[in-house]
Each structure stands twice: as C-alpha cells, then as structure tokens.
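The values are calculated or read from the model by the stated rules, or taken from the named source; none is laboratory data. All figures in this text were calculated on a predicted structure; none of them were measured in a lab. Cβ placement follows ideal geometry from the backbone for every residue including glycine, while neighbour counts extend to all protein chains displayed.
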Amino acid sequence: MLVYSYYPKLAGIVPLAPMVAAGNYIAARHGGSADEAPRVDQLYDFARDRLKANYIFWARPPDRSRYFPQVLDILNQPALRADPAGGLSKACPSVFAFCVN
C-alpha cells in the first residue's frame, strides 16, 4: 500500500499506469471471501480518483467468467468510450518536453 502514496504526488509529472493484477480481484484480508473483494468499479474508481492514473492495465483473472466481463462492461460505458482517455487523467506529464510550455 505504501507505493500508492507516490501516485498522487507524481500525477502530472510522470505517466501513471497501475496494473490490476489477478490478486486484486479477491479479498485483501487474510481468509477473506470473494464476496468481500473490491468490485471492479471500485478498482477503476480507486485508480482514477486516488491514484490519478493515466492508464490502467487490467490482468485477466483465472476466473474470467466472474470478473473480466465486468471490466469490459465498465470500459464499454458510453461516457468512457467517448473519452479518448477512458475517464482517466488526460494530463500530459511534465517529464515530456512537448508538455512543458
């Protein structure tokens, strides 16, 4: 979790691209059940709102029948499809010379 504290600090400076790994689809607490796991929309919201991500890499979990269709449902929402950044930060990172005025 400590690494997540760096994301907002680096927003707008470097491209931010967290990965939702297969383990993120299951409960984080030891012994937790899949019913306690974060929902796919919560994972997206966390990356967008808290991490200020420019990109998200979504791993396909072993149980594709349960989770990955939810990822596709979110990404296929009309508002996200109409936005080239998919609802994520469009900020051009300042480490790129063409972004600096």
How do the pairs read when you match residues in segment 70-90 that are touching a residue at least 40 places away in the same chain (Cβ under 8 Å) and surrounded by 17 or more Cβ atoms within 10 Å (Cβ to Cβ) with residues anywhere that are in a loop (DSSP other than H, G, I, E, B) and of a type in the set (A, V, I, L, M), using Cβ under 8 Å and keeping only pairs 6 or more apart or on different chains?
L88/A53; L88/I56; S89/A11; S89/L16; S89/A53
Those residues of segment 56-84 which are closer than 25 Å to P8 by Cα and part of a loop (DSSP other than H, G, I, E, B), in sequence order:
I56, A59, D83, P84
Go through segment 85-101 and count every residue that is more than 20 Å from R50 (Cα to Cα) and either in a loop (DSSP other than H, G, I, E, B) or modelled with pLDDT of 85 or more (or both).
4
Screening A47, A53, A17 for residues that are assigned to a loop (DSSP other than H, G, I, E, B), touching a strand residue (DSSP E or B) at 6+ places or on another chain (Cβ under 8 Å) and either surrounded by fewer than 11 Cβ atoms within 10 Å (Cβ to Cβ) or at pLDDT 90 or above (or both) leaves only A17
